[in-house]
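> Below you will find the structure I want to go over with you.
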Amino acid sequence: MTDQTSIAPQTVNAGDIKTAIEALKQQFPDWVQDDTRQGYSGVLVDRNHLVEVARTMRDQYGFDYLSSATAVDYLGVEDSMEMVYHAYRTSGGPALVFKAQTPREGAEIPSLIDVWPGADFQEREAYDLYGITFRGHPNLKRILLWEGFDGHPMRKDWKEPYYEEEHKPFDSRWPKGYVRRAEELNAFGKNVKYPADLDLSRLNDTSEEALYSGMGLGVDVEKLTADEKLKTDRLVVNLGPHHPSTHGVFRMIVTLNGETIESLEPVMGYLHRNHEQIGERNSWLANIPYTDRLDYISSMGNNHGYVLAVEQLLAMGNRYQAPTYRAEVIRVLMVELNRLVNHYWAIGFLLNDLGAFFTPSLYAIAEREKILDFFEAVAGSRMMCNYMRFQGVYKDLPERIRGVANLVNDQVRDFNTMDYLTELINERLPRSIDELDFFLTDSEIIKARTIGVGYLPPEMAIAYSCAGPLLRASGVPYDVRRADPYSIYPELDFDVAVRYHGDIYDRYLIRLDEMRESVRILKQILPRLERTQGEDFFAGNKSIYMPRVPLGEAYGRVENPKGELGYYVVSQGDPKGPQNPWRYHVRAPSFINLTPLGQMCKGQKVADVVAILGSIDIVLGETDR
Amino acid sequence: MYGLGILKGLGVTFKHFVATYTADVRYGLKRYTGDKFETRQGVDATGIYTVQYPEEKLAVPERFRFVPFLVVEDYDHPDRPGHDWCTACGICAKVCPPQCIWIVRAEDPVTKRPIAQPEAFFIDIDICMNCGYCAEFCPFDAIKMDHDYELASFDRTWTHIHDKERLSKQFSYWKTIAPTTAAEEAEARGGWEHIDVIKEKKKKAAAEAQAAETAAAAAEAAASAPAAQQDEAAAPAAEAAPAAAGTTDADAAREERRRKREAALARKHAKDQDEG
């Protein structure tokens, strides 16, 4: 946000990035140059020397944390593809953005997995969806789609079988034509426009063979017995995709030696719907309700990240007005309540995974319910909130939580909103957090199951681009709210929770710490809400439904309950300001936090896998997108 | 002491268990009614409390949003009973993220020119994601999010495409389910009527005021006519006369449009009955 009328300026190390870029350009004059396109920032790096430059960035300039790596297809604009990287310092500050371009035909870029192992899944995703080959990647397989899928769906020239139109609003739906059910419209044999070169015989799923290859299966038992005294064989166990502990359709292929885990490979994509391509067909505004459905436990945070990203773009134009102070206060209120919702859920279900079947979850959910009631009264929906808008929020807080009974329902529940909030924040939530603490923290069973299990060292947590509680439980005090502040967080008083042991127990404890910090923030929000009562909650004209977004790129990141949630959006094409995003990428914390899962589980017992996965806290809607 | 942590945990569980029953006993038979119900759902509640759906239902808040409905004028409205508030401008269909709205604009049967009314209006509730954008961006307050969330049916095909008849609900229904919001919207519009009606009334009032003014000016001019400045006074009166004629023309045109619209409605009604 450039307009700083209501927000404290963000000056953390801002000059530093420029110095780093200048030094880099001096060091590699031929390979590094400024990205001079309108609305773009950062540098373009010669792809043949990408690894060297990246290593220098990490070692000499301290950009040790690769937040996001994603591809963009510029078909029709520059006829090239590029990889966009956002690297940060774990000591805080804004991003060093660098890009490597490659021709679309035979797209190839060197892999950065040696520099930042956290690039692993993200490069596999880019390979899967864009068909960019990453030279030097040890395990370059599809990650979201199945092996044998024809084509790379995020490419701009790829059309799905039921392709309708490039952009919404679809002409086919309005105003002419007869009304059809969506199901009929998309039924097999109707409206199927396969690409000309699609060969159906090529659509055969080879994922299974690909998955099991390299697992060391088919061990020669005779040969093993010669070396080992015990006649033993490795056993492969598929945990999931339908397993209650995976919190969705997620699968882990585990190779066991006895009960000890030798290797673990996560398999995902069962809930893949190409969210990013849907986002690129939507109008800018229409994406907000779709972001609700990423991490459906914390939709307010998802809204916030997307809105921040698009506001950065809007701020490049001249019609932009920064959100009012009240809007920012309400946003922070919602996001912090959402963090509580998520952590209640995470703790409850971690205990479920440990075998405390549903008693702790239900106690946690009962508290969450009170917050959801509030969301429902303000935003209209308990989970799919769709509450934030560019330059403001959907509506101000209502005066009363429940107005009147309606025709469908006959019971009346009526609370004054501010009273409800005050009581919730000052009494109910702190009490229930203390109760959870009292209930669980000292339990010998929990300690026995969690202390020292699933250890993640801090260096590895940084290298693997982990974020959120997973990173901070390993002793890295990195919180986007402090490291790269947004909204009104600079003026709020709170601490970044850190724990140092990096095991499941600390990941549980850090969630309790964060909940207490959130309550602390909320207590500071209450007087601000009182003070701004009646002020505008929206800046500008609220009736604009097709905002024209200036050309450029932006990366909006927020500290979501599960980790750093980033949205990389590109506005490109129509010079007047396109109605749809050219690129809409979600840096999903649940997805990237899974990168070290295999490492964390190695050497542990098979019963611990479920607990380790539970302690990472993933939501498959976001992992698979 | 080893095992103390577990005992503490069991204590919490037992406390919850007891709290559930003490609250039941304390409120007795009234536990599901009135303010008792309210307390047990509020932030003061203790114990675990179950709502016996579908016998008991929670009240949803005003802003609760479910599949949209179309606002039509009350059926006992004196001027335009059952008239659509929708003007078929199509903003809801354009803004709809999953594109689940179809509108067919009505046509004038004689001139074949479109009139500001929906001939047909469909929402595929299988696709609708209940985001509420249509209601938020409708400039005529003609589409609103409903509170009726019990839409289960025995047929999964055509019953899930809601047509105009199914979607239409009286304006008084909206006032019942969301009184505060309805009042806010009415204030923004400047009255409880449809925005077009309000505009029309305003225009009429302005025209009447102008006509009265013109008449007054003419009278004054007539009064001052014998005086020296007769030529100058005649000019504004002459100007005013065509203006007054203009208003009557506009009135006639409006009358004409209204008649046509009614004819179109009658025709549509007849067609519906034929089909039915």
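The values are calculated or read from the model by the stated rules, or taken from the named source; none is laboratory data. Keep in mind the model is a prediction, meaning the values are calculated, not measured. Here the Cβ positions follow ideal geometry from the backbone for every residue, glycine too, while neighbour counts run over all protein chains shown.
> Would you mind telling me which numbered condition in (1) more than 17 Å from B:Pro68 (Cα to Cα); (2) touching a strand residue (DSSP E or B) at 6+ places or on another chain (Cβ under 9 Å); (3) modelled with pLDDT of 85 or more; (4) charged (D, E, K, R) B:Asp196 fails?
The one condition B:Asp196 does not meet is (3).
> Here's something else I'd like to know. Of the conditions (1) within 14 Å of chain B (Cβ to nearest Cβ); (2) buried (at least 23 other Cβ atoms within 10 Å of the Cβ), A:Arg281 clears all except one; give me its number.
(2)
> Same structure again: Please name all residue pairs, on different chains or six or more residues apart, with Cβ atoms under 7 Å, provided the first residue is in the stretch A:442-456 and is in the same structural domain as A:Leu350 (by TED's automatic domain parsing) and the second residue is of a type in the set (Ser, Thr, Tyr) and not in a loop (DSSP other than H, G, I, E, B).
Close Cβ pairs (under 7 Å, with a partner that is of a type in the set (Ser, Thr, Tyr) and not in a loop (DSSP other than H, G, I, E, B)) amount to A:Lys447/A:Tyr505; A:Thr450/A:Tyr505; A:Thr450/A:Tyr508; A:Ile451/A:Tyr505; A:Gly454/A:Ser615.
> Next question, about the same structure. Does at least one position in the stretch A:41-53 carry a residue that is assigned to a helix (DSSP H, G or I), in contact with a helix residue (DSSP H, G or I) (Cβ under 9 Å, 6 or more places away or on another chain) and not aromatic (Phe, Trp, Tyr)?
Looking through the stretch A:41-53, at least one residue is assigned to a helix (DSSP H, G or I), in contact with a helix residue (DSSP H, G or I) (Cβ under 9 Å, 6 or more places away or on another chain) and not aromatic (Phe, Trp, Tyr).
> I'm trying to understand the selection: among the residues of the stretch A:515-538, which are touching a residue at least 40 places away in the same chain (Cβ under 8 Å) and assigned to a helix (DSSP H, G or I)?
Correct list: A:Met515, A:Arg516, A:Ser518, A:Val519, A:Ile521, A:Leu522, A:Lys523, A:Ile525, A:Leu526, A:Arg528, A:Leu529, A:Glu530.
> Applying the selection to the stretch A:72-94, what residues are surrounded by 22 or more Cβ atoms within 10 Å (Cβ to Cβ) and among the aliphatic types (A, V, I, L, M)?
Selection gives A:Val72, A:Met81, A:Met83, A:Val84, A:Ala87.
> Given A:Ile462, A:Ile425, which one is assigned to a helix (DSSP H, G or I), more than 30 Å from A:Phe375 (Cβ to Cβ) and in contact (Cβ under 8 Å) with a residue 40 or more places away in the chain?
It is A:Ile462.
> Among the residues of the stretch A:363-378, write down those that are facing chain B (nearest Cβ under 7 Å) and within 24 Å of the chain's Cα centre (by Cα).
A:Glu376 - this is the single residue of the stretch A:363-378 that is facing chain B (nearest Cβ under 7 Å) and within 24 Å of the chain's Cα centre (by Cα).
> Identify the single condition in (1) at pLDDT 90 or above; (2) touching a helix residue (DSSP H, G or I) at 6+ places or on another chain (Cβ under 7 Å); (3) surrounded by fewer than 22 Cβ atoms within 10 Å (Cβ to Cβ) that A:Glu165 does not satisfy, given that it satisfies every other one.
Only one criterion is unmet by A:Glu165, namely (1).
Here's the yes/no breakdown for (1) assigned to a strand (DSSP E or B); (2) modelled with pLDDT of 90 or more; (3) in the same structural domain as A:Tyr40 (by TED's automatic domain parsing); (4) in contact with an Asp or Glu (Cβ under 9 Å, 6 or more places away or on another chain):
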site: A:Phe63; (1), (2), (3), (4): no, no, yes, no
site: A:Ser68; (1), (2), (3), (4): yes, yes, yes, yes
site: A:Pro94; (1), (2), (3), (4): no, no, yes, yes
site: A:Ala100; (1), (2), (3), (4): yes, yes, yes, yes
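> In the stretch B:11-46, what residues are at pLDDT below 70, over 32 Å from the mean Cα position of the chain (by Cα) and within 11 Å of chain A (Cβ to nearest Cβ)?
Across the stretch B:11-46, the qualifying residues are B:Tyr32, B:Lys36, B:Thr39, B:Arg40.
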